[in-house]
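What follows is calculated from the coordinates using simple rules that are stated; it is not laboratory data. Please read these numbers as outputs of a predicted model, since none were measured by experiment. Don't worry about glycine lacking a Cβ; one is built from the backbone with ideal geometry, like all the others, and counts go over all protein chains shown.
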Amino acid sequence: MKFNTLRVLNNSLIKKTLVLLFTVLTPLFALAASDVIEPPKEFSISNFDWVSIFTVVLILLMILVIARAFDIGSLTEKLTGKTIVSWNNVNAYVGIIVLILGMIGVWYELNYHGKYLKLGNSASEHGSTYDSMFYWTFGFTFFVFVVTEVLLFYFMFKYRYNENRKALYYFHNNKLEVIWTIVPTIVLTFLVLRGFNTWSKITTDIPKDSQEIEVFAYQFGWKARYAGEDKELGNTNFNFISGTNPLGVAEDGAIKELIVELEGEVAKLKVKQATAADSIKVWKAKYDRMVSTGLNRTYPEDFKAVKDQYNDAISGAYERQLEKDIKRKKTALSRIAEYRKDKDFFNGKASDDKITTELVLVKNKPYVFKFRARDVIHSAYMPDFRVQMNCVPGMPTQFAFTPTMTTEQAREIKGNKEFDYYLYCNKICGGAHYNMKIKVTVVESEAEYLTWLATQAPFVAPALPAAPATPSTTDSATTTTTPTVALK
Amino acid sequence: MKAVKYKDPKPAVVPAKLNLWLFMLASSMLFAATVSAFIVHRPDAEGRGAWTAFDLPIFFLYSTIIVLLSSITAFYAYKSAKNDELSQNKTWLLVTTVLGTLFCVSQYLGWQQMVRLELTFVNARPEDISASYVWVITMLHFIHILGGIGLLIGTWIQAIRLNVHKKSMTLMSITHTYWHFVGLLWIFLYLFLYFAQ
Amino acid sequence: MSTAALHVDHHADHHHKESFISKYVFSMDHKMISKQFLITGIVMGMVGMIMSLLFRLQLAWPDEQFGILETLLGKWAVDGKLDPNFYMGLVTIHGTIMVFYVLTAGLSGTFSNLLIPLQLGARDMASPMMNMLSYWFFFASSVVLLISVGVETGPASGGWTVYPPLSALEKAMPGSGLGMTLWLTAIALFIVSSLLGGINYISTVLNMRTKGMSMNRMPLTIWAFFFTAILGLLSFPVLLGAALFLIFDRSFGTSFYLSDIYLEGVGALENIGGSPVLYQHLFWFLGHPEVYIILMPALGITSEVISTNARKPIFGYTAMIISLMGISFLSFIVWGHHMFITGMNPFLGSVFMILTLIIAVPSAVKAFNYLTTLWKGNLRFNPAMLFSIGLVSFFISGGLTGIYLGNAALDIQLHDSYFVVAHFHLVMGSAAIFGMFAGIYHWFPKMYGRMMNKTLGYFHFWLTFITAYLVFFPMHFMGLAGVPRRYYQFTLVKEFDVWMDVNKLITVSAIVAGFAQLLFLWNFFYSIFKGKKSEQNPWQANTLEWSTPVERIHGNWPGEIPTVYRGPYEYSRPDREEDFFPQYIPDESAPEVLQPEETQKAPSEKEEETVETSVFFAAIKRVFGLS
């Protein structure tokens, strides 16, 4: 026993000195640090330098030392039988403080950021049903959240350890357990029924006179297609997609161009195939030249490209790739030929379709958005309208809704003159996923919409050569999406 | 070696056997997944004209018959081992192994038949997704059969070394159970593919 | 010869040639394997956390340049600005690591391995060999995944759910090339590991319980591990199926998932008739049970820790088991709630909605039972207890938002928004990781024979708890404002500007949380070597693992395996002076027998009696110098 005591004392002497040193020195270091560097106007990690990192490390070390010190404390407690710090109580009090601060934080957050939430002021008809559904759920869950969290920390405080007390030997209480099985069930049944109604209404109630608009997603942007004079959208197929026909609509002129283009490509590939043996020599010559001249060390990236091509060529991968490409293009050609036989498919309804780079909707007019995707899964997300639907290649989807608030009105309500509705992509789709959006404008009257529509070029304009619809009402927001997408 | 004074509680089931059952459960889930993918996918693809129903190669029927026969022989192998009829046990094991190999040959011929009908794994024509499914399902089952044949050969070797008898039945009963499992699995898969095609 | 004797023989052989490799590397001892799982899990967890900090930096200060990033990541952060493709890669690998490697293998692998034999009274797992393989498959899988981060085209970057066609087409995204191939390899290895482990856990629980350990006397941890293993056994093969189809689509050119695709720079692809949604069905058939595979072990650990430290029986033992059972069963039929807006049949959507909301009932029962266990307890705030209370708090706050997301109508707006991020990071991320911490603090003495520093544990807990809320709570608000997840930066949309301060708060909190984990790491590794020596039963717990000696021996108990006389939660029985009553103490025994020295001495006395001991125990004695 004596030996132990001695050791503790010895150790504690060193450690106490260390604690003292650290506690005294750390603020000094911090002060010194703040003198050395100009305090940044706004805190930013990039302003993090070695001094601040050093400070953080010091703080961590401090905690370590404090922990050691308390350990020594607890040892002395054991030896002397006196309690210096009751960590049990400290934790209980910290728990209560955290609870109170946490609840204040929640309240603050509800007030501070609450106004930015997309709740209330819905811009679509089903949106208000959605919002009321949300409020009900919020009411229940927030109540439960507050009650249970408060109870949790209150119990933590109230029933903290006391040597003189024994816990209640309480195994179960069927009545209680039945109650808290039944009550959530009832509440959930209510929510389920409401949810079921809302969901069915949103997904299945499609007014007969809804206007169809095709919304087309690709890496990384959106296009919309409005019906022209004939009020009907033409057919589409992914095999028809080309530089001049970004949506692949069934329009004979464009298809003919595509066929010529594809045949040309096939011919080119065939030439490459015939001269594949020579190309191996070419790559080999290039490769050897780079190695012999030492260029491979000066331009390692170029050398890597050459080496890859050379390797592909000698392993036969190059030829296999050519063959594959030819086969794919031929399949496309034969499929196109197959479709062209079908006169019902090529009904000419696509010629006057208008492909646009923004969406213009009329207030209080029902719409059905028909979603298509070109390459990978995207998701059309219009939070202001409470609309979201995935766009899946090979699986057309749709969403019906009625906008009820014009862009102007929304700007007024939000007090933001530059506010615009947007349709975002909300399914991970590649590197530029974060910048894939299209402007949505809601106008007051049909006339405004028609004026806008008239400015949009039809797919095949009698006077104009077939060209991709160029946005006439270009604004900076919409054009930002287009440069990343070269449609050829 | 003298026994210890106390004994650890003896497990109710030999752990290896229980593990086998659990493994069979897991691999059934794998087949359940592929089969339900088939069921879910079919109407979807049919709607787009990307599904051809075709008759299964006749060899798959032969495989079914072979697998049924091999189940019977496997049962006799098990029974003979249980009755300590060691030479018969070896014979039955060998017969079952041969039948298993025949099954593999028959499967191979069946796949060849499919290739001849241009029902390849990689769909040369878009309508052949159904063929892709048949390939995946039969191939996955084939891997299980290979495992079964491995077990049979292992048991046979142990039988030659006189390690399979009335008092040492663990390996034999594992092989027996597993072989029935792959057999039943094939029969189920065959019937499923036959009627769902 | 009985199988038990065979078993003993086997160990004896093993012990004879126990070298460094067979003891620490290819060990078949469940305790060593559990430590291997834990340390690999912690290392993977650190990697996952650092990744999250990297992309959090990008989100908080999208326009700043961090020189350090370029030093760390090279071409992925030219001029100190993260590359968008690599950002996606980080998000993907962070998710994969956290979900599979830390919270599935690291949590359930560690504690199932450690506790199933110890709490049930078994010498080892049903099949130690399979158990070892399980770890090494997991290790190989981790290595492959980490290698995939370094490949030239970047790691898999289609989100941890790797939906095709994005993940199936090499040309769709750089990460869908070699990175994705390695991802699939890693996951295939992981599935093998998880199946080997799962088979073993179930088999041990069903088959290897000691005398008196009936199913209704099993601790709730074991029940949780048991159901977890069943879920894994039934759902991981389905993921294997999904991955196989994906591999075929990627490498062989089949079209299970591909249809009607025109790819920039390639042209129209040949594939027709595939269904991308099929993958989602198969994936989420695993994916949803996976959530409970993560959460249930944490809940089990919490039940044990709360009961022990509240010195009070867990309230509603049977209800707890029934709710675990209910959650397990329901988890298989609710996967569709991840797919409400994929254009699925609206009626199917309603069915999934109803089933999903039913799952809230057993979860609510669990939460209320925890609260009642605390009520009128005598709470000792050991770090493990604090982390368990933290778990309950996260479980409630995260679970409640599940009611929004399970509702098909509300999901229209909230799907894939930050609300989802907040929800699952609270309910399965933070809650499960807190369960893991609780387990580590609680069973550290059992694993290493030493104690972790409590005071550091307190700092670790409060810092982590507060910062975790600061990180994830504000995300609810961002989600409700329609901020989509997996966005590389928000500055391109004016409307999202108001969230920049929140983003900064989140990032700073995450960094503080990261530093708090350094305290844990220090505490953990320091205590392994230098921690205070543990007593035999440091928490005065009831369960069987505390009847083993502090020195961890092969075969767990030096003598006979103790018999179990009662349930695991007999705390504060009014008829007893002590506030605990271990499972292995017979009823008639006087309280003095409880002294740990007594139990420790008993075997050595026995050894003198048993003249002819088995080779096994002779070996043990040699190794540990007991004789």
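Quick look at the numbers
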{"read-out": "Highest-first arrangement of B:159-172, C:119-132, where packing means the average Cβ count within 10 Å", "value": "C:119-132, B:159-172"}
{"read-out": "Separation between Cα centres of region A:126-163 and region C:30-78, rounded to whole Å", "value": "34"}
{"read-out": "Nearest 10 degrees, 0 to 90: helix B:15-47 Cα axis against chain B principal axis", "value": "10"}
{"read-out": "All-pairs alpha carbon distance profile, region C:44-166, 5 Å steps from 0, percent", "value": "2, 10, 17, 19, 15, 11, 8, 7, 5, 4, 2, 0"}
{"read-out": "Positive-end residue, region C:418-570 charge dipole about Cα centroid, Cβ charges, pick of C:F529, C:F472, C:M500", "value": "C:F529"}
{"read-out": "Relative packing of peptides B:136-148, C:244-256, B:19-31 - highest average C-beta neighbours within 10 Å first", "value": "C:244-256, B:19-31, B:136-148"}
{"read-out": "Exercise: per-residue mean of other protein chain Cβ atoms within 10 Å, C:349-357", "value": "4"}
{"read-out": "Estimated distance in nm for a label pair at A:E444 and A:K115, the labels positioned 7 Å out from Cα along Cα-to-Cβ", "value": "2.6"}
{"read-out": "Between region C:301-321 and region A:212-242, the alpha-carbon center distance in angstrom", "value": "60"}
{"read-out": "Translational diffusion coefficient (Stokes-Einstein; Kirkwood radius from C-alpha pairs) of the protein assembly as shown at 37 °C, 0.692 mPa s, in µm²/s", "value": "96"}
{"read-out": "Förster radius 35 Å - calculated FRET efficiency between A:V368 and B:D55, Cβ distance, rounded to 0.05", "value": "0.25"}
{"read-out": "Chain B - charge dipole about Cα centre, Lys and Arg +1 at Cβ, Asp and Glu -1, debye rounded to 20", "value": "1280"}
{"read-out": "Average other protein chain Cβ within 10 Å of Cβ, residues A:118-124", "value": "2"}
{"read-out": "In nm, spacing of pseudo-spin labels at A:V183 and A:K284 (7 Å Cα→C-beta vector)", "value": "8.4"}
{"read-out": "29 Å Cα-Cα threshold exceeded, pairs from A:K286/C:K75; A:K327/A:K354; A:K175/C:K312; C:K454/C:K504; C:K35/C:K376; A:K223/A:K329", "value": "A:K327/A:K354; C:K454/C:K504; C:K35/C:K376"}
{"read-out": "Region A:276-370 shape via C-alpha gyration tensor axes, a/c threshold 1.5", "value": "oblate"}
{"read-out": "Peptide ranges C:383-389, A:396-402 listed from the most packed, as the mean C-beta count within 10 angstrom indicates", "value": "C:383-389, A:396-402"}
{"read-out": "Principal axes of region B:53-196: Cα extent on each, largest first, Å", "value": "56, 23, 19"}
{"read-out": "Computed E for B:L184/C:S22 - FRET, C-beta separation, R0 56 angstrom, nearest 0.05", "value": "0.90"}
{"read-out": "Dipole magnitude of region A:86-205 about its Cα centre (Cβ charges: Lys, Arg +1; Asp, Glu -1), debye to nearest 20", "value": "360"}
{"read-out": "Using alpha-carbon coordinates, inclination of helix C:30-60 to the longest axis of chain C, degrees", "value": "30"}
{"read-out": "Charge dipole of region A:232-288 about the Cα centre (unit charges at C-beta), most positive-ward option of A:A274, A:I259, A:F238", "value": "A:A274"}
{"read-out": "C:K532/C:M215 FRET efficiency (R0 56 Å; Cβ-Cβ; nearest 0.05)", "value": "0.95"}
{"read-out": "Rounded tilt (10° steps) of B:129-160 against the dominant C-alpha axis of chain B", "value": "20"}
{"read-out": "Centre separation in Å (Cα based) which lies between region C:96-172 and region A:244-311", "value": "41"}
{"read-out": "Neighbouring partner chain Cβ atoms per residue of C:166-173, average, 10 Å criterion", "value": "4"}
{"read-out": "Chain C - mean residue ellipticity at 222 nm from DSSP helices (-39,500 (n - 2.57) per run, n ≥ 4, rounded to 500)", "value": "-20000 deg cm²/dmol"}
{"read-out": "Hydrodynamic radius by Kirkwood, which averages 1/r over all alpha carbon pairs of region C:275-419, in angstrom", "value": "16.3"}
{"read-out": "Nearest-20 debye value, the protein assembly as shown charge dipole, Cβ charges on Lys, Arg, Asp, Glu", "value": "3040"}
